[in-house]
1. Any chance the range 298-318 includes a residue that's surrounded by 17 or more Cβ atoms within 10 Å (Cβ to Cβ), in contact (Cβ under 8 Å) with a residue 60 or more places away in the chain, part of a strand (DSSP E or B) and not assigned by TED's automatic domain parsing to the domain that holds A132?
2. If only one of D46, D60, D51, D16 is in contact with a helix residue (DSSP H, G or I) (Cβ under 7 Å, 6 or more places away or on another chain) and modelled with pLDDT under 85, which one is it?
3. Would you tally the residues in the range 324-335 being at pLDDT below 95 and surrounded by 14 or more Cβ atoms within 10 Å (Cβ to Cβ)?
4. Please specify each residue of the range 286-342 satisfying the condition of being touching a Gly at 6+ places or on another chain (Cβ under 6 Å), more than 13 Å from L274 (Cα to Cα) and of a type in the set (G, A, S).
5. Under 9 Å by Cβ, and 6 or more places apart or on different chains, what pairs join a residue from the range 154-181 that is under 20 Å from R34 (Cα atoms) and not assigned by TED's automatic domain parsing to the domain that holds Y212 with one that is outside any loop (DSSP other than H, G, I, E, B) and of a type outside the set (S, T, N, Q)?
6. Would it be correct to say that D254 is crowded, with 16+ Cβ neighbours inside 10 Å and not aliphatic (A, V, I, L, M)?
7. Name the single residue, out of those in the range 209-225 being assigned to a loop (DSSP other than H, G, I, E, B) and farther than 28 Å from A40 by Cβ, that is modelled with the lowest pLDDT.
Amino acid sequence: MESGGERHRMMRGQKDYYEILRVPRDATSEEIKRAYRRLARECHPDVNPGDASAETRFKDVAAAYEVLSDPQKRSRYDRFGAAGGRGGFSDFDFGGFGDLFESFFGGMGRGARVEVEERGADLQHDLEITLAEAASGVPRMISVSRMRACSMCEGSGAKAGSRPMTCPICHGAGEVRHTSSGVFGMHFATVSTCEKCRGRGAVESDPCPNCYGTGRERRSEQITVQVPKGIESGMILRLRGEGDAGLHGAPAGDLHVNVEVADDPFFERRGTELICEAPVAFTTAALGGTITVPSLSGVSEVRIPAGSQSGTVFRLRSKGMPDMRSGRCGDQHVVIRVVVPTHLTGEQRRLLEKLAQAGGDHVGDGERRFLDRLKEALGG
């Protein structure tokens, strides 16, 4: 019966990555890593001067490890072969592998590549914005204190002119084997990442005096944050790669910006809806007219029908907040509050008294119902 790898070779004519690394198809990630390191040292061109095929073998080993060390790529390869998955594996870049093995063999190059990456820490920053900024979406500049690549050694951790040397603890392997004795005379071996070189296989012989070999320094930098339209309090913006830089060239962490929308003096927000109160003169409510109210776009006019009561709500369509997904705006709701004058001139008082005498302050059936309920409550 044919195995999955044999079917791949017959169908696509590709080299089998498991055979290249000399591991079974059910090999663990640790077994794949150990096989890769062993074969890469054996096939490295620096170890095989004059052997034209060494570079080819080295690239085959590197390509096989690139795929089989990644769970997602390995799964696609197991199903579809070397050309499987979206985009396949044909665009694999071999450029960085020379840097890795220069750390094993004492070369200079551009510095050792991190075998066991120590990703930079994620950072948090609080950002307060106005309701108008949340509605329009604006770029905001913030200041962040974070670890960045050392300005003196450019992140290598080495003093200018120095050469990395093989780690004296793991002797270039990047990992350390520990053996312990168990019951019945049995021995157990465990493998862990070398703490001295952190898996790189090399250490700096002369560390950078500015960062003490860490390759990082703390700096305060300005970052532009694009606030999306319609954002609400409590939402978090994630800026990938804007956190602390990783050790020895490892990926940087992320910056999480916690957004808080400040209370607005005019509006109460409920999702995409805005609510505001507007004072209306007694005469305007009685006779009708037009009032001006604030809106996110400036000001808007609201037509008040004659006889409008305090608490009446008027709707201004599409004058609310935009929805973050659709971009559609909600409505603005204007609640009117009829203002009763507290200081009257003699003429105003005379006119109001005349209105009262003419029955103009009578509220009609509503008043009668109220008086009837009041009599019932008092036992009348």
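1. No, the range 298-318 contains no residue that is surrounded by 17 or more Cβ atoms within 10 Å (Cβ to Cβ), in contact (Cβ under 8 Å) with a residue 60 or more places away in the chain, part of a strand (DSSP E or B) and not assigned by TED's automatic domain parsing to the domain that holds A132.
2. Within the list D46, D60, D51, D16, the selection yields D46.
3. Qualifying residue count for the region: 1.
4. Across the range 286-342, the qualifying residue is only A306.
5. none
6. When the stated conditions are applied, D254 passes them.
7. Y212
Quick grid of which residues meet (1) under 19 Å from T130 (Cα atoms); (2) touching a residue at least 40 places away in the same chain (Cβ under 8 Å):
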position: S205; (1), (2): no, yes
position: Y212; (1), (2): no, no
position: G215; (1), (2): no, yes
position: I231; (1), (2): yes, yes
position: I236; (1), (2): yes, no
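The values are calculated or read from the model by the stated rules, or taken from the named source; none is laboratory data. Quantities reported herein were computed from a predicted structural model and do not represent experimental measurements. All Cβ positions, even for glycine, are placed from backbone atoms using ideal geometry, and neighbour counts span all protein chains on display.
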